[in-house]
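Read-outs: derived from the displayed coordinates by stated rules, not from any lab. What you see is a predicted model, and the numbers here were worked out from it, not measured in a lab. FYI the Cβ positions are ideal-geometry reconstructions off the backbone, even for glycines, and counts take in every protein chain you see.
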Amino acid sequence: MDASSRNHYLEAIGVDVWVRRSMPAVSVVEPLADPVAQAAIEPAVSAAPVIVDEPVTADVADRWQALRTEILSCTRCGLHQTRTQGVVGVGPQRTDWMVIGEAPGAEEDRRGEPFVGRAGHLLDAMLRAIGLDRGTNVYIANVLKSRPPNNRDPKPEEVAACLPYLMRQIQLLQPRLMLAVGRIAAQNLLSTDLSLSRLRGKVHHFGELNTPLIVTYHPAYLLRTPADKRKAWEDLKFARSVFRQLTDHRIGTDGNLS
Ligand code: SF4
């Protein structure tokens, strides 16, 4: 992505783009030089699973379809009684990036797709700023697949009932990096009550595959608190930097490092 396009996306999400006077316009995107961030990346690289590139097979497609059917007819927790429909997720069936929020809202419940409406548009703009698009290279889902009434926080028993679906999504996608957006998603995925500010700026790990996970703000919060958009942009740059480190360890189907 060229600097001009990236600056366009940054302006769209409300992050000021600073251009030095008497200098040519440059991207605000720089590799992380922060030794703290670098130190956070290194354990992620050593702990990351080595994943072999492979195309989506008929078996994977069938398992996605079976998972989708199960979620749409699920009655494992009480939320099935109040939802309009289950919201499975959106994106390619196998991809390196996965974004996870907490639960569908009213618009998502109505349309059957996560992160639509104003918050969804902001998330899309944030992701585009680091070269990601839900149509091609990032999968977006929620911890809960059904909407809690009045957008209340998920209950622990609802999370426990629904988490196996997310686990199966991760097994199918095999993401290299997960981005948890918002405090509720992060706390539930990491089984912690630490604040979002304590969880940002670190590489956590999730699930059986030990998938690296980074935490940032929920786009709905950023709509209410635009002053924090710059911090969210720092998180995205951090995530991209970690991803680049991780992909240095990619191997092809022939078993050779690329
Ligand atoms: S939230 Fe999850 S476990 Fe509960 S009914 Fe919906 S799909 Fe099933």
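Quick rundown of the values:
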{"read-out": "Most to least packed among 215-222, 163-170 [average Cβ atoms within 10 Å]", "value": "215-222, 163-170"}
{"read-out": "Estimated FRET transfer efficiency (Arg198, Asp248; beta-carbon r; R0 35 Å; 0.05)", "value": "0.80"}
{"read-out": "Burial ranking of peptide ranges 123-131, 199-207, 57-65 (average Cβ count within 10 Å, highest at the top)", "value": "123-131, 199-207, 57-65"}
{"read-out": "Mean Cβ count within 10 Å, highest first, over the residues of peptides 68-75, 155-162", "value": "155-162, 68-75"}
{"read-out": "Ellipsoid semi-axes in whole angstrom, largest first, where each is sqrt(5λ) of the Cα gyration tensor of the stretch 90-164", "value": "22, 15, 10"}
{"read-out": "Overall dimensions of the stretch 96-220 as given by Cα atoms, namely Rg and Dmax in Å", "value": "13.4, 36"}
{"read-out": "Magnitude of the charge dipole, the stretch 109-258, Cβ model with Lys/Arg +1 and Asp/Glu -1, debye to 20", "value": "480 debye"}
